[in-house]
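Input: a single structure, listed below in structure tokens.
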Amino acid sequence: MNQNKLFRLTRIRLALYYAIVMGLILSLCAFGFYRSVFHAHVVALDSEIESVAGTLHDSIELKLKSPGRLEPLVSQLLPNQGNCEGEASNCIQQPHSKRHLLGIVTKTSYYVRFFDISGKLIANVGYHPEGLPNVFNPQTWQFLKDNQGKEYHQITLSLHTQDYQDWGYMQVGRSLEEFNHYLDSVKLILGLGLPIAMVMIAGASWWLSGLAMQPVYQSYRQIQQFTADAAHELRTPLAATSATVESALLMTQIDPEETRDILQTIHRQNQRMTALVVDLLMLARLDRHQKLQREFCCLNDIVSDLIEEFAAMATTAGVKLISSIQVNQDVNIIGNSDQLYRLVSNLIVNAIQYTPRGGKVTVVLDRNDHDAVIKVQDTGIGIPKQELNRIFDRFYRVSSDRSRITGGSGLGLAIVQAITQAHHGSIDVQSELSKGSTFTVKLRAMMRYTEKSALQI
Ligand code: ADP
């Protein structure tokens, strides 16, 4: 397939489109996966911060007495508390306090800041990121950056005194360093995984496109072969005709006897070409699966008509042609009678042609439960076993020399098979060299009248 430029280019294009589409789908999936991981972590982070902030808020609020003032009892609850009275930047953190009631705040990733009602920073607790803006922002959820570019996620809650006066605000923040590291590793895995997956997809696309194009390439080869064979078959009678005409033209005088011979040769070759063209047209029509004109066909009539028709041919060939009808009632099918005549006649003609003088050809008509069975048996030359699966190919001849003598083009059995398939039937062949062949055609039969009436009752 790759030697053919058209097929190679089509395969490349197909593989490319497939890889691009798959790549886009995969990238979208990777992006979706990343967004869902990000979202799940943000939600988990929010609820963690909210729970820490809520616990702190509830523990502290009960102990606050006057607005903007942290009671000593509160300071005991909060480890690492820095006092920011005066300049906010002068917040000094005390060494580890004696009581670590709110252990979570001791984690280096958390910080807590207290602002009075006017938004002035009073104190901070826990790990205090350097360069974090000290300007109060009342927004509940915020993302912040310190001067090293580290990110923080922060919640702001308002605090009240014991007698429900506004005390000020508490901000609880968490470093996003861990979170960002995790997201970076997810991005790295996706970033490395995507090109590897793309290479694998490209390989798979190339293989799959080859697989998908194989049947198309096969039928392209068959059409090519068919065209070459048809041209070859037509060339022989055309060459014979033109040679006959050319030699006639070279003669200065032609007597009536010679003229007759020449015309007979041209007529014979013309008949050969006509038969070939008729066969080709029939196959083309059968290939198009055109809706058949179907009617009620009695196979008993078809068999007896054909036995009568080919009796003379059989006698000339020295072959005994008989029929064996093994049913008491007529075997009827719904089909195209012209095609059915053609099917049976092709088999009978072959059987006569490939049976030596003194042989016998029997046309058997039978039926089983659902099918009408037509068998054409001969005591002829037989077909070699290795050729049995090729004899239905177009233009295929087992022994070309003998076929040429009989005038066969190798389309007879191809037509038989195509007609059988058009009637949803099956064909089978059994043969033994020098002993004979049996072609069995099964076609869906109509129900017997008696069976029909039994069903109706
Ligand atoms: P052709 O027109 O050459 O007979 P067919 O398609 O009818 O072409 O048959 C294909 C080949 O099958 C023939 O060339 C012949 O060799 C073989 N064949 C067909 N029918 C018989 C038969 N009854 N006995 C032996 N060989 C047969």
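The values are calculated or read from the model by the stated rules, or taken from the named source; none is laboratory data. Computed from a predicted model, the values in this text were never measured in an experiment. Here the Cβ positions follow ideal geometry from the backbone for every residue, glycine too, while neighbour counts run over all protein chains shown. When the accessible area is computed, the model is the full protein with side chains, heavy atoms only, and any ligands, DNA or RNA have been set aside. Shrake-Rupley method; radii C 1.70, N 1.55, O 1.52, S 1.80 Å.
Things to note:
- Close pairs (7 angstrom Cβ cut-off, 6 or more residues apart or separate chains): within 17 Å of residue 284 (Cβ to Cβ) in region 412-435, among the charged types (D, E, K, R) anywhere: 414/393; 414/394; 415/279; 415/342; 419/342
- Count of region 356-377 residues which are within 12 Å of the ligand (Cβ to nearest atom) and without any contact (Cβ under 8 Å) to a residue 24 or more places away in the chain: 0
- Where strands (runs of 3 or more DSSP E) sit wholly within region 338-457, those with at least 3 residues that are modelled with pLDDT of 90 or more and within 42 Å of the chain's Cα centre (by Cα) occupy 371-378, 426-432, 436-444.
- Residue list for region 294-336, filter: in a loop (DSSP other than H, G, I, E, B) and touching a helix residue (DSSP H, G or I) at 6+ places or on another chain (Cβ under 7 Å): 310, 319, 330, 331
- Scan of region 291-315 for residues that are without any contact (Cβ under 8 Å) to a residue 40 or more places away in the chain and open to solvent by less than 90 Å² (accessible area, probe 1.4 Å), ordered by number: 298, 301, 304, 305, 311, 312, 313
- Residue match in region 378-388 (condition: open to solvent by less than 70 Å² (accessible area, probe 1.4 Å), away from the ligand (no atom under 13 Å from the Cβ), of a type outside the set (Ser, Thr, Tyr) and in contact with a Leu (Cβ under 9 Å, 6 or more places away or on another chain)): no
- Search result, residues across region 233-262 that are under 58 Å from the mean Cα position of the chain (by Cα) and either aliphatic (A, V, I, L, M) or open to solvent by 80 Å² or more (accessible area, probe 1.4 Å) (or both): 234, 235, 238, 239, 240, 243, 245, 246
- Some residue of region 7-24 being among the charged types (D, E, K, R), open to solvent by less than 70 Å² (accessible area, probe 1.4 Å) and part of a helix (DSSP H, G or I): yes
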